[in-house]
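Below is one structure; the comments refer to it alone.
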């Protein structure tokens, strides 16, 4: 196949003046080249396209591909991950991973939790604060007992998450909400804080053919920011995080059930990752889902999990392409 490859190269945006945090979800040249080489090693012709601006230029010039391997995160707005898939759908070009609706929905953590809750997927009690007026109402109503956990509603890679995200009183809640509203220009998601173990669950495939890759426990090491899988901990995961493949049958069953139900409810495709955390009694709860999981072979959670199960990175990329190709051939 002739496979176009769309991505956001981090250095392109850094050179345009964007900050390290603003570009945290974008990929380095090493990752892009590894993915391109892996796709090529599977017998495909790879055409590196780049970001949405380059995609529009290529399409306007008449260029087409059999399939697009898409990992673009986008830059602006809560529908940013949906931009490239939406353009490709307009041109009837098949692509990897979820469609625009799912990608936009899953980036909004409040709406995501609302949908999975309707599917009876356990998730901690939550509310959203989108303005100072809504904040005053939340403080007055005292909707969920402290401690709480607060994060921007539409960010990834742990952006906006620090030890201060664990909220223990009204003063902290007000301070953190106002910081999120000002810094990220988006609402804050506030939910009941879960003090238990944290896991991430990998999934490959689409629909009822989706399968659990495994369950990976995220353990914070000495020197890591405490209490949360924060932006700093994710950026420095080699020093701050230990990833342990979970073999406990009870945890694996519970995590798999929650993750697959959420994956199906949100109509995710090809591959993704679900974050789960335990409450004070050890019961697991859905936190969020990433339908466009990172693919750095040694730094991203899904490839780390995949390879800990004894499979190769090449096999992971092959599974993603095979799942997307099944739609192309219908």
GNM flexibility winner over the chain from 152, 195, 124 (Cα, springs under 10 Å): 195
Mean-position separation - Cα centroids, the stretch 143-221 and the stretch 109-124, in angstrom: 14 Å
Förster radius 25 Å - calculated FRET efficiency between residue 66 and residue 86 (Cβ-Cβ, nearest 0.05): 0.80
Candidates 138, 271, 262, ranked by Gaussian network fluctuation over the chain, Cα under 10 Å, top entry: 138
Cβ-derived FRET efficiency at R0 41 Å, residue 53 paired with residue 312, nearest 0.05: 0.75
FRET efficiency for residue 22 and residue 182, using Cβ-Cβ distance with R0 set to 22 Å, rounded to 0.05: 0.90
Angle between the chain longest axis and helix 132-141 axis [Cα atoms, degrees, rounded to 10]: 50 degrees
Choice from 80, 16, 48 with maximal GNM fluctuation in the chain (Cα, 10 Å cutoff): 16
Computed label-point distance, nm, for sites residue 117 and residue 250 using a 7 Å Cα→Cβ extension: 2.8 nm
Ranking of 157, 309, 200 by count of other Cβ atoms within 10 Å, fewest first: 309, 157, 200
Simple label model, 7 Å out from Cα along Cβ direction - residue 29 to residue 222, nm: 3.8 nm
Difference of contour (0.36 nm per residue) and Cα-Cα distance, residue 322 to residue 131: 64.3 nm
Between helix 313-328 and the chain: long-axis angle, C-alpha atoms, 0 to 90°, nearest 10: 80 degrees
The chain: antiparallel DSSP beta bridges as a percent of all, rounded to 5: 75 percent
Calculated P(r) tail over 23 Å for the stretch 195-328, as whole % of Cα pairs: 31 percent
Linear extension gain, residue 239 paired with residue 281, 0.36 nm per residue minus alpha-carbon span: 12.2 nm
Cα gyration tensor shape for the stretch 2-95, rounded if a/c is under 1.5, else prolate or oblate: oblate
The stretch 29-70 versus the stretch 248-318: alpha-carbon centroid distance in Å: 26 Å
Overall form of the stretch 173-245 per C-alpha gyration tensor (a/c, 1.5; a/b vs b/c): oblate
Hydrodynamic radius of the chain per Kirkwood, over alpha carbon pairs, in Å: 20.4 Å
Between 0 and 90°, nearest 10: helix 249-265 axis offset from the chain longest Cα axis: 70 degrees
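Every number in this text was worked out from the coordinates using simple rules, so none of it is lab data. Quantities reported herein were computed from a predicted structural model and do not represent experimental measurements. Don't worry about glycine lacking a Cβ; one is built from the backbone with ideal geometry, like all the others, and counts go over all protein chains shown.
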